[in-house]
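Participant: Take a look at this one; I'll ask things after.
The values are calculated or read from the model by the stated rules, or taken from the named source; none is laboratory data. This is a predicted model, so every value here is computed, not measured. Note that each Cβ is placed from the backbone with ideal geometry, even for glycine, and that neighbours are counted across all protein chains shown.
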Amino acid sequence: MKLQELLNENFSNIVIQCHNAPDADALASGYAVYCYLKQHGKRVRMIYSSPKDSEIHIQKSNLLLMIKDLEIPIEYVSSLEEEPDLLLLVDCQYKEKNVREFCGKTMAVIDHHRVNRPENLPKMQEIRDGYGSCSTIIWDMLLEADADLGKDPKVATALYYGLYTDTTELEELCHPKDMDLVDAVRFCCNDDMLFQWKCHNLALLEMKSAGQALSDYDYYKEEQFAIMEMVGEQGKYLDQNLLGVVSDLLIRVDGVDACIAFCEQEDCFRLSIRTCTREVLAVDLIRFVTSGLGGGGGRSKRKAGGSLEKEKLIALYQSWYGYLPTNEKQVRDLVHHLLADRMKDYYKSQEVFYSGREETVQKIRLPEMQIYEKRTDIVLGYIPAAKLYPEGTVIKVRTLEGDAVEKIEEDTYLLFGVEGEPYTNRKSFFEKQYVTCEKSYQFSTEYPPRITAADRGDGSGVQEPISLEMLQSLVSTCSPKAGHKIFARPLTCRAKVFSPYREDYLLGEPGDYLVANAQTPKKVHIVKKDIFPKLYERKQV
C-alpha cells in the first residue's frame, strides 16, 4: 500500500485509529499520517479507545507531554457517530485484542507487528513485521510519497521518539531502515522536547518494582548468567523501557556474563538482554531464546531485546503439562523456566572455532570434510573504493546484518556477492582470485548496501549516502578464476567462528557450511546453506 492511495477522492471523511492506551509509537505514526492527509486537504480525525465496559485514558506523563508539545489532535471515543469513508488503523491490526472494533466503509492497516489472523486483514495494508517500530514504516512511506514531512521538526521529533521508545532507547533496532530513520531525522528533532519526554518516562511505582526485582534475581553459576522477573504494581503492566534500566545494572554484577530481565505485557512478555563477553553477542542470544515463540533484535553487540507471544506460550504450557494455565503466575513461571532451559542449551549446543590458530585444523575434523571448488560461472560486482571517496575516508556500509566500518586505502576494492552482500578486498588479492567480465550486475536484495562516509578526515562528519543509482552506474563485474579449492562440511549444530580481523563472530546454524582454505586449513569461515551451492560445486577426486 502507498500513502497516495489514502488520497482517493472517495475518502472525504477519514479516521485514523490508534490501539487502546496508545504508546509513543502509535501516537507518532498516527500523527505523521494525520499531517500528511491534512497537507493534502483531507478531512481527518485521530482517535483511540479502550476495551468495552471500561474507560482507560492516556495517563503517562511523557505521552501527555508529547501530545501537548506537538499539539497532536487525538481524541478518546467510545463510539463513532458516523461510519467514515476510510478507517485507518496504525500500529495495530483489525479485530485484535488491543483495539476497539469500529468500522469504516473502507478499512486500511499500517503496522509492524506479526500477523496472527490474516483473514481479518483488509485489502489496503502495509505490514512489515521485521521493523522496530511503526514510525519507521510511516517514515519510509513518506519518502516513497516524496513528502517532505520527515524534515518537519514536529513530525521528525514524533517519529524519532516513536522508534526510540519501541526499541528500548534505540538498543533493539531490528532493521537497517530503523537506523536510516535515526540518521535522517535526528538533526531535525526538537532536543528540548525529547529531553523532557525521556525524563518523565517512568513512574515512582515502577522504580519500586525495579528495586524489588534487583534484590531477587536467579543466578546460574555454571554458565554465569542471571534471570530477573519484573512484576507491576496493582496488576498494572510495567513500561517495557524499565527492563533496559534494570538489565544495565544487573550486568555490572561480578560473575554475571549475561542476563535477561522480563516482564508481562498485554499480549506478550518483553525481554531485555545484556552480555559482556566476546563469545556471546546479545542479538544472537535474543534470537536463540525467542525462537519459535516470538522474536527480537538489536544493533549493539551487548544489548538486545525481544518478546515471547502469550498465545504461543499458552500452547506450549498445555503441551508441557497437559492442561491450560489457570492464572497469570503459571505463565510467568513457565517463561522463567523456559528462559533458563534455553540459556543452558545456548551454552552447551555449539562449536567454537578460532580462525588462524593451529589447533583449529584438528578441531574442524578435516577428514570429514569434502573438497569443493568455487564456481566460475557466478557473477559478482566490484567497485574500486577510490571511485566513491578519497583515500583515507572512513566509510560505513549498512546491510541487513548490520553496519561495517572500513577505512579506504589506495588499493581497497568493494565486492558485492551473489545476493548483494558487500565485503572489502585488496586489489592484489582481487586480481589473484578474480577475472573481470562484461556481464551485468543488479542490486536486487531487499535492502541494497547503503554506503556513507562516516569520516572524511576533515571534520565534516557523516555525509549523505551513496545513492543506489550511483552504485549501479559504477559497479563492474567479475567471476572467480578456476582452481580455487576449499574443504567444507555441513554443520550439525550451531557454530561460531572468531577471526583476528573482526570484533564479533560469524554464526552458523545447522545446515550451514564450515569452510576451510585448501592451502591453509586453519583459516576457516562459515557460508550460509542457501548461498553455498551458488558459490561452490563438489570436486570429484
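Participant: Tell me, which residue of segment 269-300 that is crowded, with 24+ Cβ neighbours inside 10 Å and charged (D, E, K, R) is nearest to LEU163 (Cα to Cα)?
Facilitator: ARG270
Participant: Continuing with this model, one more query. Which of the numbered conditions does LEU468 fail, given that it passes all the others? Conditions: (1) at pLDDT 90 or above; (2) in the same structural domain as GLN433 (by TED's automatic domain parsing).
Facilitator: Among (1) at pLDDT 90 or above; (2) in the same structural domain as GLN433 (by TED's automatic domain parsing), LEU468 violates only (1).
Participant: Restricting the first residue to segment 416-437 and requiring it to be in the same structural domain as THR399 (by TED's automatic domain parsing), which pairs with a second residue that is part of a strand (DSSP E or B) and exposed (fewer than 15 other Cβ atoms within 10 Å of the Cβ) meet a Cβ separation below 6 Å and a spacing of at least six or different chains?
Facilitator: Nothing qualifies.
Participant: Would you please name the residue that is surrounded by the most Cβ atoms within 10 Å (Cβ to Cβ), looking only at residues in segment 491-541 that are at negative phi, assigned to a loop (DSSP other than H, G, I, E, B) and of a type in the set (Gly, Ala, Ser)? Show your work before the answer.
Facilitator: Within segment 491-541, the first condition is being at negative phi, and the residues that meet it are 491-510, 512-541.
In the following step, the residues that additionally are assigned to a loop (DSSP other than H, G, I, E, B) were identified as 491-493, 499-504, 509-510, 512, 518-523, 528-531, 539-541.
Filter again for of a type in the set (Gly, Ala, Ser), leaving 499, 518.
Working: SER499: 16, ALA518: 18.
So the residue we want is ALA518.
Participant: So in segment 408-442, with the set limited to residues that are assigned to a loop (DSSP other than H, G, I, E, B) and β-branched (Val, Ile, Thr), which one is surrounded by the fewest Cβ atoms within 10 Å (Cβ to Cβ)?
Facilitator: Here is the first cut: in segment 408-442, the residues assigned to a loop (DSSP other than H, G, I, E, B) are 408-411, 417-421, 438-442.
Keeping just the survivors that are β-branched (Val, Ile, Thr) gives 408, 418.
Values: ILE408: 20, VAL418: 14.
Top of the filtered list is VAL418.
Participant: Also: In segment 44-58, what residues are loosely packed, with under 13 Cβ neighbours inside 10 Å and either touching a Ser or Thr at 6+ places or on another chain (Cβ under 9 Å) or modelled with pLDDT of 95 or more (or both)? Steps first, answer last, please.
Facilitator: Of segment 44-58, the ones loosely packed, with under 13 Cβ neighbours inside 10 Å are 52-57.
Selection gives LYS52, GLU55, ILE56, HIS57.
Participant: Inside segment 59-115, counting only strands (runs of 3 or more DSSP E) that do not spill past its ends, which hold 1 or more residues that are charged (D, E, K, R), surrounded by fewer than 21 Cβ atoms within 10 Å (Cβ to Cβ) and assigned by TED's automatic domain parsing to the domain that holds THR165? Even if it seems obvious, please write down each step before you answer.
Facilitator: Values: elements: 74-76, 86-90, 106-111.
So the answer is 74-76.
Participant: Any idea which residue in segment 132-189 is surrounded by the most Cβ atoms within 10 Å (Cβ to Cβ), counting only those that are free of Cβ contacts under 8 Å to residues at least 24 places away in the same chain and part of a helix (DSSP H, G or I)?
Facilitator: VAL182
Participant: Return yes or no: is ALA385 of a type in the set (A, V, I, L, M, F, W, C), crowded, with 16+ Cβ neighbours inside 10 Å, within 25 Å of the chain's Cα centre (by Cα) and not assigned by TED's automatic domain parsing to the domain that holds PHE532? Show your work before the answer.
Facilitator: Values: of a type in the set (A, V, I, L, M, F, W, C): yes; crowded, with 16+ Cβ neighbours inside 10 Å: yes; within 25 Å of the chain's Cα centre (by Cα): no; not assigned by TED's automatic domain parsing to the domain that holds PHE532: yes.
Criteria not met by ALA385.
Participant: Let me ask another. Residues LYS310, LYS363: which one is of a type in the set (Lys, Arg), at pLDDT 90 or above and in the same structural domain as HIS525 (by TED's automatic domain parsing)?
Facilitator: Working: LYS310 fails: in the same structural domain as HIS525 (by TED's automatic domain parsing).
Among LYS310, LYS363, only LYS363 is of a type in the set (Lys, Arg), at pLDDT 90 or above and in the same structural domain as HIS525 (by TED's automatic domain parsing).
Participant: Residues of segment 117-139 being over 15 Å from CYS174 (Cα atoms) and touching a helix residue (DSSP H, G or I) at 6+ places or on another chain (Cβ under 7 Å), which ones?
Facilitator: Scanning segment 117-139 gives MET124, GLU126, ILE138, TRP139.
Participant: Being within 20 Å of LEU366 (Cβ to Cβ) and modelled with pLDDT of 90 or more is the filter here, so list the residues in segment 519-534 that pass it.
Facilitator: From segment 519-534, those within 20 Å of LEU366 (Cβ to Cβ) are 519-527, 532; that's our starting set.
Within segment 519-534, THR520, PRO521, LYS522, LYS523, VAL524, HIS525, ILE526, VAL527, PHE532 qualify.
Participant: Condition (residue is assigned to a helix (DSSP H, G or I) and either in contact (Cβ under 8 Å) with a residue 60 or more places away in the chain or among the hydroxyl-bearing types (Ser, Thr, Tyr) (or both)) applied to segment 15-23: is it met by at least one residue? Outline the logic, then answer.
Facilitator: As a first pass, look at segment 15-23 and keep what is assigned to a helix (DSSP H, G or I): none.
Scanning segment 15-23, I find no residue that is assigned to a helix (DSSP H, G or I) and either in contact (Cβ under 8 Å) with a residue 60 or more places away in the chain or among the hydroxyl-bearing types (Ser, Thr, Tyr) (or both), so the answer is no.
Participant: Of ALA404, ALA385, which residue is among the aliphatic types (A, V, I, L, M) and at pLDDT 90 or above? Give the steps one after another, and end with the answer.
Facilitator: Working: ALA404 fails: at pLDDT 90 or above.
When all the criteria are applied, what remains is ALA385.
Participant: Right, something else. With respect to the numbered conditions (1) more than 17 Å from ARG270 (Cβ to Cβ); (2) hydroxyl-bearing (Ser, Thr, Tyr); (3) not in a loop (DSSP other than H, G, I, E, B), which one is the sole condition not fulfilled by SER307?
Facilitator: Here SER307 meets the rest and fails (1).
Participant: Would a scan of segment 443-459 turn up a residue that is acidic (Asp, Glu), surrounded by 14 or more Cβ atoms within 10 Å (Cβ to Cβ) and modelled with pLDDT under 90?
Facilitator: For segment 443-459, residues acidic (Asp, Glu), surrounded by 14 or more Cβ atoms within 10 Å (Cβ to Cβ) and modelled with pLDDT under 90: present.
Participant: Right, something else. So LEU338 passes all but one of these: (1) in contact with a helix residue (DSSP H, G or I) (Cβ under 7 Å, 6 or more places away or on another chain); (2) assigned by TED's automatic domain parsing to the domain that holds PHE269. Which condition number does it fail?
Facilitator: (1)
Participant: Could you list, in sequence order, all residues of segment 268-290 that are in a helix (DSSP H, G or I) and either without any contact (Cβ under 8 Å) to a residue 12 or more places away in the chain or of a type in the set (S, T, N, Q) (or both)?
Facilitator: Restricting attention to segment 268-290, the residues satisfying the condition of being in a helix (DSSP H, G or I) are 282-290.
If the condition is that a residue be in a helix (DSSP H, G or I) and either without any contact (Cβ under 8 Å) to a residue 12 or more places away in the chain or of a type in the set (S, T, N, Q) (or both), then THR290 is the only one that fits.
Every residue, every condition in (1) more than 30 Å from GLU96 (Cα to Cα); (2) not polar (S, T, N, Q), yes or no:
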residue	(1), (2)
ASP267	no, yes
ARG270	no, yes
CYS276	yes, yes
GLU279	yes, yes
ALA282	yes, yes
ILE286	no, yes
THR290	no, no
GLY296	no, yes
GLY306	no, yes
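Participant: Quick check on my filter: what residues within segment 312-336 are free of Cβ contacts under 8 Å to residues at least 12 places away in the same chain and either loosely packed, with under 13 Cβ neighbours inside 10 Å or more than 20 Å from SER291 (Cβ to Cβ) (or both)?
Facilitator: Once the filter is applied, which keeps residues that are free of Cβ contacts under 8 Å to residues at least 12 places away in the same chain and either loosely packed, with under 13 Cβ neighbours inside 10 Å or more than 20 Å from SER291 (Cβ to Cβ) (or both), segment 312-336 yields GLN318, SER319, TYR321, GLY322, TYR323, LEU324, PRO325, THR326, ASN327, LYS329, ASP333.
Participant: If only one of LEU87, LEU63 is within 18 Å of ILE127 (Cβ to Cβ) and touching a residue at least 40 places away in the same chain (Cβ under 8 Å), which one is it? I'd like the intermediate steps shown before the answer.
Facilitator: Numbers: LEU63 fails: within 18 Å of ILE127 (Cβ to Cβ).
After ruling out the rest, the residue left standing is LEU87.
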